[in-house]
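The values are calculated or read from the model by the stated rules, or taken from the named source; none is laboratory data. Since this is a predicted model, take the numbers as computed values, not measurements. When we count neighbours, we look across all protein chains shown, and the Cβ atoms used for this are built from the backbone with ideal geometry, even at glycine.
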There are 2 protein chains.
Amino acid sequence: MATATAEANVQTAKDVLEHWQGHRRLTRRVIEAFPEDKLFGFSVGGMRPFAELAWEFLRMAVPIVDGVSTGKWEEYKGPKPTTKSEILRLWDAQTAELNAKFPQIPAHRFSEVDKAFGQWEGTGKATIQYAIDNEIHHRGQGYVYLRALGIEPPAFWERG
Amino acid sequence: MATATAEANVQTAKDVLEHWQGHRRLTRRVIEAFPEDKLFGFSVGGMRPFAELAWEFLRMAVPIVDGVSTGKWEEYKGPKPTTKSEILRLWDAQTAELNAKFPQIPAHRFSEVDKAFGQWEGTGKATIQYAIDNEIHHRGQGYVYLRALGIEPPAFWERG
């Protein structure tokens, strides 16, 4: 019985994408909540401003899905956004791109071990999970920046 | 083909527990990294000190697994820890308890919709996922506290 439960299918590929897009909608609201100058210039404890963190998320999301899907790992090539509206425009473009590309990931690639970007070894599932966890982690950092600025962050539990 | 991939089993119950325990090991290191007085007294932007966040994680983890497992939702009953060593002792006790109880969750409960603690409606899977995400989110907040204190936080990617 324990074995049957251990192997129970808890999350399908569709669930992972929906969960990620829910988090990405919340992250988008966090980006929006920052005044433009604070997005690029404010931080606490010598850490990176939230625009740098958003840029990190953008450089990870689609390249990771491409890599898991195809086995070819290529760095993100687009120019670094310099305004809030550019970040949001890129964000929305990636939302659509993820929705189009994620369902094309061959099922076996989620459990196959690969070396992401030639460096990080893990299953496709673990690499995608890392991207999501990394976004949650650094977004939590953004919540502190917003609070330190006296700005109410968006509700963590709202993902719609 | 797209449908087959959408339904691909990306995460088993065993994967979820391992993923969570990896995050819990990291959270434990973050708790340890705080000096005792800062754990209970330091914060940024009027937010809760990290001891309060750790206490929130402790009140969620086992009660959620119990609730998902049995359909009975009961608040955590133990006394609130007042020292770092008490928090860590509880943490380790819950690590063992989660390892014992998680594999006993009946497979169908992961997809069954329930109302956690009579309030939050979602599948068992979503409720457990929420507990993990909430821990990652608030731990990210703890990283800012540590940096603001001039303390190097543990590496995010190390989960062993």
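So which of B:Arg59, B:Arg25 ends up being more than 14 Å from chain A (Cβ to nearest Cβ), part of a helix (DSSP H, G or I) and either at pLDDT 95 or above or buried (at least 17 other Cβ atoms within 10 Å of the Cβ) (or both)? Walk me through it before giving the result.
Values: B:Arg25 fails: more than 14 Å from chain A (Cβ to nearest Cβ).
Only one candidate passes the filter, namely B:Arg59.
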Selection count, the stretch A:101-132, where residues are in a loop (DSSP other than H, G, I, E, B), more than 8 Å from chain B (Cβ to nearest Cβ) and either closer than 30 Å to A:Asp37 by Cβ or of a type in the set (A, V, I, L, M, F, W, C) (or both): 1
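If you scan the stretch B:62-85, which residues turn out to be in a helix (DSSP H, G or I) and exposed (fewer than 14 other Cβ atoms within 10 Å of the Cβ)?
Keep residues of the stretch B:62-85 that are in a helix (DSSP H, G or I), which gives B:62-70, B:84-85.
Passing the criteria: only B:Ser85.
Among what's in the stretch B:31-42 and is under 20 Å from the mean Cα position of the chain (by Cα) and in contact (Cβ under 8 Å) with a residue 60 or more places away in the chain, pick the residue that is surrounded by the most Cβ atoms within 10 Å (Cβ to Cβ). Even if it seems obvious, please write down each step before you answer.
From the stretch B:31-42, those under 20 Å from the mean Cα position of the chain (by Cα) are B:31-34, B:39-40; that's our starting set.
Now narrow it down to the ones that are in contact (Cβ under 8 Å) with a residue 60 or more places away in the chain: B:31, B:33-34.
Working: B:Ile31: 19, B:Ala33: 19, B:Phe34: 24.
Per the criteria, the residue is B:Phe34.
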Pairs with Cβ under 9 Å, 6+ apart, first in the stretch B:133-160 and at the interface with another protein chain (Cβ under 7 Å from one of its Cβ atoms), second modelled with pLDDT under 95 and part of a helix (DSSP H, G or I): none
Residues of the stretch B:133-160 classified as within 17 Å of B:Ala54 (Cα to Cα), in a helix (DSSP H, G or I) and not hydroxyl-bearing (Ser, Thr, Tyr), total: 12
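Only one residue in A:Gly41, A:Gly67 is away from chain B (no Cβ under 14 Å) and in contact with a strand residue (DSSP E or B) (Cβ under 9 Å, 6 or more places away or on another chain). Which one? Outline the logic, then answer.
Details: A:Gly41 fails: in contact with a strand residue (DSSP E or B) (Cβ under 9 Å, 6 or more places away or on another chain).
None of the other options fit; the residue is A:Gly67.
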Complete set of residues in the stretch B:5-18 that are assigned to a helix (DSSP H, G or I), facing chain A (nearest Cβ under 7 Å) and surrounded by 18 or more Cβ atoms within 10 Å (Cβ to Cβ): B:Thr5, B:Ala13, B:Val16
Every residue from the stretch A:83-111 that is farther than 25 Å from A:Glu52 by Cβ and in contact with a Lys or Arg (Cβ under 8 Å, 6 or more places away or on another chain): A:Pro103, A:Phe110, A:Ser111
